[in-house]
1. Can you name every residue in the range 110-157 that is over 18 Å from GLU84 (Cα atoms) and touching a Cys at 6+ places or on another chain (Cβ under 9 Å)?
2. Of these, ALA114, ALA105, ALA99, which one is open to solvent by less than 50 Å² (accessible area, probe 1.4 Å) and modelled with pLDDT of 95 or more?
3. Conditions first: (1) surrounded by fewer than 22 Cβ atoms within 10 Å (Cβ to Cβ); (2) modelled with pLDDT of 95 or more. VAL90 passes all but one, so which condition is the exception?
4. Suppose the filter is under 18 Å from LEU24 (Cβ atoms) and assigned to a loop (DSSP other than H, G, I, E, B); does PRO82 pass it?
5. Can you name the residue in the range 140-174 that is outside any helix (DSSP H, G or I) and over 15 Å from the mean Cα position of the chain (by Cα) and, of all such residues, is surrounded by the fewest Cβ atoms within 10 Å (Cβ to Cβ)?
6. Can you tell me which residue in the range 117-126 is surrounded by the most Cβ atoms within 10 Å (Cβ to Cβ), limited to those that are without any contact (Cβ under 8 Å) to a residue 60 or more places away in the chain and either more than 13 Å from the chain's Cα centre (by Cα) or over 16 Å from ALA165 (Cα atoms) (or both)?
7. Give me the pairs, please: first residue somewhere in the range 98-109 and closer than 10 Å to GLY29 by Cα, second residue anywhere and part of a helix (DSSP H, G or I) and modelled with pLDDT of 90 or more, beta-carbon distance under 7 Å, and either six or more positions apart or on two chains.
8. Residue by residue through the range 60-111, note down the ones that are closer than 20 Å to THR124 by Cβ and over 15 Å from the mean Cα position of the chain (by Cα).
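The values are calculated or read from the model by the stated rules, or taken from the named source; none is laboratory data. This one's a predicted model, so the numbers in the text were calculated from it and none came from an experiment. No Cβ is skipped: glycine too gets one built from the backbone with ideal geometry, and neighbour counts run over all protein chains shown. Just so you know, the surface numbers come from the protein's heavy atoms only, side chains and all, with ligands and any DNA or RNA stripped out. Shrake-Rupley method; radii C 1.70, N 1.55, O 1.52, S 1.80 Å.
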Amino acid sequence: RSECRRQLRHFRRSDGCSVAMKVLGIDPGLTRCGVGVLTGEPGKTLAFVAVGVISSAPTLPLAERLLTINEGLSEWIDRHQPDEISVERVFSQANRRSAMETAQAAGLALTLAAARNIPVSLHTPSEVKAAVTGSGRADKAQVGEMVRRLLRLKEVPAPADAADALALAICHIY
């Protein structure tokens with residue numbers, strides 16, 4: 001079994017070993033990019049590791065904002081050494097500018113994962129909501145409350161971007 005614990009990349013292996021995985025969830029955004037780290041395996045209790053938000057000032061030029069988000073994501077990846085990364089897929093938004101900004105931040109996360117050879121998965125908002133609450137139409141308050149309950153936290157992570165990042169990690173593990 002000690003040999004099983006050394007290889008954390010996959011839950012299901014041909015030798016039957018089952019090990020916990022560390023997942024970094026990323027809720028991409030240019031003003032606020034939520035990040036959250038969990039460990040766990042399907043069907044078992046999840047362990048909260050860290051949560052936060054990487055912010056960039058809306059008054060900065062776009063290139064500087066992207067650099068700020070890139071540096072912040074890089075720090076989180078280097079500090080927590082995730083086995084896998086889960087990023088919210090830009091599905092559709094009424095505001096095209098907001099969709100572009102979200103897609104740019106998501107692209108940074110994908111590039112950083114690829115550069116470090118870390119497997120990355122994309123999940124739509126409805127997939128995340130369904131995994132965490134049982135309904136793909138849940139609102140932010142319901143998602144936040146279920147994140148709090150599933151991780152046995154005293155309070156709902158704030159802002160919502162932070163809770164959403166943890167929800168992405170939960171979705172990926174479950």
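1. Within the range 110-157, the subset over 18 Å from GLU84 (Cα atoms) is 125-126, 129-130, 132-157.
Selection gives LYS129, ALA130, VAL132.
2. On the way: ALA114 fails: open to solvent by less than 50 Å² (accessible area, probe 1.4 Å); ALA99 fails: modelled with pLDDT of 95 or more.
Result of the check over ALA114, ALA105, ALA99: ALA105.
3. So the condition that VAL90 fails would be (2).
4. Numbers: under 18 Å from LEU24 (Cβ atoms): yes; assigned to a loop (DSSP other than H, G, I, E, B): yes.
So PRO82 passes the test.
5. Of the range 140-174, the ones outside any helix (DSSP H, G or I) are 151-159, 174.
Subsequent filtering for residues that are over 15 Å from the mean Cα position of the chain (by Cα) retains 152-156.
Numbers: ARG152: 10, LEU153: 15, LYS154: 5, GLU155: 7, VAL156: 19.
For the range 140-174, the residue satisfying everything is LYS154.
6. From the range 117-126, those without any contact (Cβ under 8 Å) to a residue 60 or more places away in the chain are 117-118, 120-126; that's our starting set.
Keeping just the survivors that are either more than 13 Å from the chain's Cα centre (by Cα) or over 16 Å from ALA165 (Cα atoms) (or both) gives 117-118, 126.
Values: ASN117: 6, ILE118: 16, SER126: 13.
Here the residue is ILE118.
7. What qualifies is GLN104/LEU66; ALA105/ILE69.
8. Initial filter on the range 60-111 (closer than 20 Å to THR124 by Cβ): 84-96, 98-110.
Those that are closer than 20 Å to THR124 by Cβ and over 15 Å from the mean Cα position of the chain (by Cα): PHE91, SER92, GLN93, ALA94, ASN95, ARG96, SER98, ALA99, MET100, GLU101, GLN104.
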